[in-house]
Structure formats: C-alpha cells, structure tokens
Amino acid sequence: MLTIFLSGDVMTGRGIDQMLARPVDPQLHESYVKDAREYVKLAERKHGEIKRPADDRSIWGFALDVLDALHPVARIINLETAVTTSDRHWKGKAVHYRMSPKNVGCLTGAGIDCATLANNHTLDWGYRGLTETLATLKAANIGVVGAGADRAAANAPAALRTDCGARILVFGVASPDSGMPEAWAAGEASAGLAVLPDFSHETCNDLARRIKAARESDRDLVIVSIHWGGNWGYHIPQPHQDFAHRLIDEADVAIVHGHSSHHVKGIEVYKGRLILYGCGDLITDYEGIRGHEDFRGDLGLLYLPQLDPATGALAALTMQPTQMRRLQLCRPSDDDVSWLRDSLDWEGRSFGTTTEITRQGMLRLDWIE
C-alpha cells in the first residue's frame, strides 16, 4: 500500500514568518494590523511566550515524528502564502500573506514534496511575488502545481515517483468561489493560477482530458487538489460534490483533495475513491484572533490515506489530530480529539462515513462500501 500525507492550508506568512530567523519586512496593509509581528504577540497573549527566533522545523512540532514513523511516499500541502520579498501588494485585497524565501527551511525541513499554489493568497504580493515564489520552491526541490509563468505551466501536474513504480500525478486548481480574484487566472502568455471557471461538465471534461494526456500508464495515480468554497460553514455545495464525482467517473482520479475551509469538513468515499471536501487549516497564525470559535479552527488533521497502488482505491484513511499552540503543532487533548471525531461523524452521516479513535489517539475512517 502507498501512504500519502495531505494537508489543508499551510499559511507560513505573517506571524509564522516573523517568529522564524530570517523574516521579511513585517509591514502589512490590513485594516487593523499594520505589523505582522502583532500576530506573534496575539498568540503569546493567548498561550504564553514563544521562543524567537524559532527553528525552521519548530512549527511542525510533534507532527514530524508522526510523519517520519509512517513513511508517506509523498508529502503534499496547500501552501497559502507567497514566498517573496516583494513589497508590491495586490490592491483591493484585505489580507496579504508572504514569507521570506530565506525561511523556506520551514517547508524543506518537513520534507514537503509538493505544494499546490492554486489558492487565494499566492498572488498577494503581485506577479513579482509569484515569480520569486516559483523560483524559491524550485530551488528547494519542492514540486509546484496550480501556478506558473503561463496557462500551460499552471495547468501542468507534478509527477512524484514511488519505489513501487507508480507515479503520483498532482494537479492543482482553484475556484473563484474561494475568494480568489478572477484576474489571477493564468493566460496563454501571462503568469497566474490554474482556475476552474465553473463546475460544469465542460470544465470537468477539459480537466479530464489534461489528466489523461499526462498519464504514462495505468499505474499513475492522480490527485486533484482543489481550492474551493468559503472559509466557514459545513455545507458542501451540490456542484462541488457533482464535480468530484465526475472527476472520479471520467478521469479515474484517486483522491479529490479539497481545501479552503478554516475547519475540517465531511469526508466521502465514492466508488472506493477518497473525497476530502475541506481539509481545514493546519498551520496558521490565527491563534488569539477572536471569532468563529465554535468551528474549532485551531484543530487540524494530518490526512494519511493508504491507496492500493494497482487500482488507486482507498484501503484506509488514518488522520492525526493536531492543535496550534504557540504557533506550532501540538497534540490536542482527548476531549478535543473526541470533538473532531463527533464533528466528522455528524458531517459524514450523509456520506455513510464514520470515524473511530485508535489506541494511538488517531482517527480512522470507516465507510459503507
């Protein structure tokens, strides 16, 4: 079996960047916060002093030991920040994320293999910021999907090789309903993101054609990483579900990796294939910010699906609960793990999925075949 690590939003800009050794200029252009260091202070007021400068790997906390013990063949994240020193922010946006290229060790130190950039923060610091982001990640040997110097580059998948001979093809796409400006779409000769104009049959067919063209053999396993929907709320729009089903039916996609929600959402297994509708946040600087506490955005999950390499079918899904404390991933309490289980059970009831807590304090998905 192939074990893969997938995450929701990894937001290493702003406060996270400022706690590391080589941060970018902290100036922000937000309505209330003008200095990114304020987000570190908010976290300290909430849970205590944070050592600064922090080690690059510190933000991952205990999660590194979990990943190293389970040996995933690929580590894939939604990187929701520009990696740049650009000082030209995108006008008209309320929030702008950037981290210093000199702090890229917070990604390489976690062994990240692939980052999808098709989301609503990659171009926060303009096209210069995008160019530097792409160059920095390439130099760090991190595969990039969902953004590029033109439409063809933005649409191209990352091909991750495994010891068993199967390749994992990762495609990254974003939908405007995630808050991504439509102007960010890459053009024939202009940089930008891979954008889904809608969730129509035509759009799905176009993506399915690109998937089929990229496949070298039936052993290639495909992950489509989609940034879609709003930040808060458990409702899964019918067009999202229909689109995910069509990707599996028409393009034999092994995993639909959805993100944008700041909290975990329901999970579906459709025809033996995994659909994550909203992975929630994993690493953020939201600690100490008030609002939406009922959604428990401080709680996250390391998603660790096991796939049959011959078919791409889901054999098992184990999830490691996490919690952001002092701007690093910590083990949540037993009560918080139970809260996550109950939330996933409630949201998965219409999909026939439930979860149980293992003896190791992880969550395991059960589903109706």
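The values are calculated or read from the model by the stated rules, or taken from the named source; none is laboratory data. All figures in this text were calculated on a predicted structure; none of them were measured in a lab. When we count neighbours, we look across all protein chains shown, and the Cβ atoms used for this are built from the backbone with ideal geometry, even at glycine.
Considering only residues in the stretch 347-360 that are within 23 Å of the chain's Cα centre (by Cα) and not acidic (D, E), the one that is nearest to Y270 (Cα to Cα) turns out to be F351.
Here G300 clears all of (1) more than 15 Å from S260 (Cα to Cα); (2) touching a Gly at 6+ places or on another chain (Cβ under 6 Å) except the condition numbered (1). The residues of the stretch 240-261 that are of a type outside the set (S, T, Y) and surrounded by 21 or more Cβ atoms within 10 Å (Cβ to Cβ), listed by number, are H240, F243, A244, L247, I248, V253, A254, I255, V256, H257, G258, H259.
Looking across the stretch 270-286 at every residue that is closer than 16 Å to Q18 by Cα and crowded, with 23+ Cβ neighbours inside 10 Å, the one that is nearest to the chain's Cα centre (by Cα) is identified as I283. Considered as a group, the residues in the stretch 289-312 that are surrounded by 18 or more Cβ atoms within 10 Å (Cβ to Cβ) and out of contact with any strand residue (DSSP E or B) (no Cβ under 8 Å at 6 or more places or on another chain) include one that is farthest from L64 (Cα to Cα), and that residue is F295.
Tell me which residues, restricted to the stretch 298-328, are at pLDDT 95 or above and among the small types (G, A, S). Matches in the stretch 298-328: G300, A313, A315, A316. Could you grab me the full set of residues in the stretch 223-266 that are among the polar types (S, T, N, Q) and modelled with pLDDT under 95? Of everything in the stretch 223-266, just one residue is among the polar types (S, T, N, Q) and modelled with pLDDT under 95, namely N231.
Scanning the stretch 231-267 for residues that are of a type in the set (D, E) and either within 29 Å of T12 (Cβ to Cβ) or part of a helix (DSSP H, G or I) (or both) yields D242, D249, E250.
Of all residues in the stretch 17-27, those satisfying the criterion of being hydrophobic (A, V, I, L, M, F, W, C), crowded, with 21+ Cβ neighbours inside 10 Å and out of contact with any Leu (no Cβ under 6 Å at 6 or more places or on another chain) are L20, V24. Counting the residues of the stretch 322-369 that are within 30 Å of L42 (Cβ to Cβ) and assigned to a strand (DSSP E or B) gives 8.
State yes or no: is S343 out of contact with any Lys or Arg (no Cβ under 9 Å at 6 or more places or on another chain), modelled with pLDDT of 95 or more and among the small types (G, A, S)? So S343 fails the test. Screening the stretch 31-61 for residues that are surrounded by fewer than 14 Cβ atoms within 10 Å (Cβ to Cβ) and among the hydroxyl-bearing types (S, T, Y) and picking the one that is nearest to Q328 (Cα to Cα) gives Y32. Selection of first residues in the stretch 342-369 that are within 13 Å of T318 (Cα to Cα) and of second residues that are surrounded by fewer than 15 Cβ atoms within 10 Å (Cβ to Cβ) and modelled with pLDDT of 95 or more, restricted to Cβ pairs under 6 Å at least 6 apart or on distinct chains, gives the following pairs, ordered by first then second residue: T354/D366; R364/E356; R364/T358; W367/G352.
Just checking, does the stretch 298-309 include any residue being more than 25 Å from R37 (Cα to Cα), more than 16 Å from the chain's Cα centre (by Cα) and assigned to a loop (DSSP other than H, G, I, E, B)? Yes - at least one qualifying residue is present in the stretch 298-309.
Which helices (runs of 4 or more DSSP H) sit wholly inside the stretch 1-104 and have at least 1 residues that are free of Cβ contacts under 8 Å to residues at least 60 places away in the same chain and among the hydrophobic types (A, V, I, L, M, F, W, C)? Before you say what the answer is, go through the steps one by one.
Details: elements: 15-19, 37-47, 63-70.
Passing ranges, in order: 63-70.
Going by the conditions given, is G111 touching a helix residue (DSSP H, G or I) at 6+ places or on another chain (Cβ under 9 Å), over 18 Å from I255 (Cβ atoms) and part of a loop (DSSP other than H, G, I, E, B)? Yes, satisfied.
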